[in-house]
Amino acid sequence: MEYTKEFKERDALLEELIGRGLAVSDRAAALEFLTRVGYFRSGAYRYVLRELLPPDQVDAERREYRSDRYIPGATFAHVVALESFDFKLARVCLEGLLDFEVRARSYSAHACRQGRCCAHTRRVSRRWNVRSASA
């Protein structure tokens, strides 16, 4: 398959979004956002702001459910807000995961140490009956 899309500068990409109905109140901020996040990554946040296709135009095989036009009232500020929310949510999830990892490691080290100092070398754990990777 040959790549057929031509390269476009951020200004041209922003003009394309405006032409499809996405309101942009601060052009400089929008260009900075596209520079920081990227046009294609921002597509995930823009997708939900696009108009739904009528049922007779939906192509489920190609997963085409939305038109290229944006819903009335959609703004670039909405795109920025969605990206900001996604970033904050990812940070909270990552912090929780890191905390869980430390607690799980601490608990398992404590539980192993209760039995003997080299519990990690045993083939079968007394507590969980789990075979080691070397078994």
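Output the number of the condition that Ile71 fails; it satisfies all remaining conditions of (1) surrounded by 15 or more Cβ atoms within 10 Å (Cβ to Cβ); (2) modelled with pLDDT under 95.
So Ile71 meets the others, but not (2).
Kindly indicate whether Leu82 is more than 24 Å from Leu14 (Cβ to Cβ), within 21 Å of the chain's Cα centre (by Cα) and at pLDDT 95 or above.
No; evaluated as a whole, the condition is false for this residue.
Quick check: anything in region 107-128 modelled with pLDDT under 95 and in contact with a strand residue (DSSP E or B) (Cβ under 7 Å, 6 or more places away or on another chain)?
Checking region 107-128: at least one residue is modelled with pLDDT under 95 and in contact with a strand residue (DSSP E or B) (Cβ under 7 Å, 6 or more places away or on another chain).
Keeping to region 32-60, report how many residues are more than 18 Å from Phe87 (Cα to Cα) and not in a helix (DSSP H, G or I).
9
Conditions first: (1) surrounded by 10 or more Cβ atoms within 10 Å (Cβ to Cβ); (2) under 22 Å from the mean Cα position of the chain (by Cα). Phe40 passes all but one, so which condition is the exception?
(1)
Considering (1) at positive phi; (2) surrounded by 15 or more Cβ atoms within 10 Å (Cβ to Cβ), say which one Ser108 fails and leave the rest.
(1)
Quick one: is Thr4 loosely packed, with under 14 Cβ neighbours inside 10 Å and touching a helix residue (DSSP H, G or I) at 6+ places or on another chain (Cβ under 7 Å)?
no
Can you find a residue in region 17-31 that is out of contact with any Lys or Arg (no Cβ under 7 Å at 6 or more places or on another chain), among the small types (Gly, Ala, Ser), surrounded by 15 or more Cβ atoms within 10 Å (Cβ to Cβ) and in a loop (DSSP other than H, G, I, E, B)?
Scanning region 17-31, I find no residue that is out of contact with any Lys or Arg (no Cβ under 7 Å at 6 or more places or on another chain), among the small types (Gly, Ala, Ser), surrounded by 15 or more Cβ atoms within 10 Å (Cβ to Cβ) and in a loop (DSSP other than H, G, I, E, B), so the answer is no.
Just wondering, is there one or more residues in region 81-96 that are surrounded by 15 or more Cβ atoms within 10 Å (Cβ to Cβ), touching a residue at least 12 places away in the same chain (Cβ under 8 Å) and either out of contact with any Pro (no Cβ under 8 Å at 6 or more places or on another chain) or not aromatic (Phe, Trp, Tyr) (or both)?
Scanning region 81-96, I find at least one residue that is surrounded by 15 or more Cβ atoms within 10 Å (Cβ to Cβ), touching a residue at least 12 places away in the same chain (Cβ under 8 Å) and either out of contact with any Pro (no Cβ under 8 Å at 6 or more places or on another chain) or not aromatic (Phe, Trp, Tyr) (or both), so the answer is yes.
The values are calculated or read from the model by the stated rules, or taken from the named source; none is laboratory data. Every value quoted in this text rests on a predicted model; they were computed, and no experiment measured them. Please note: Cβ atoms are built from the backbone with ideal geometry, for glycine as well, and neighbour counts cover all protein chains shown.
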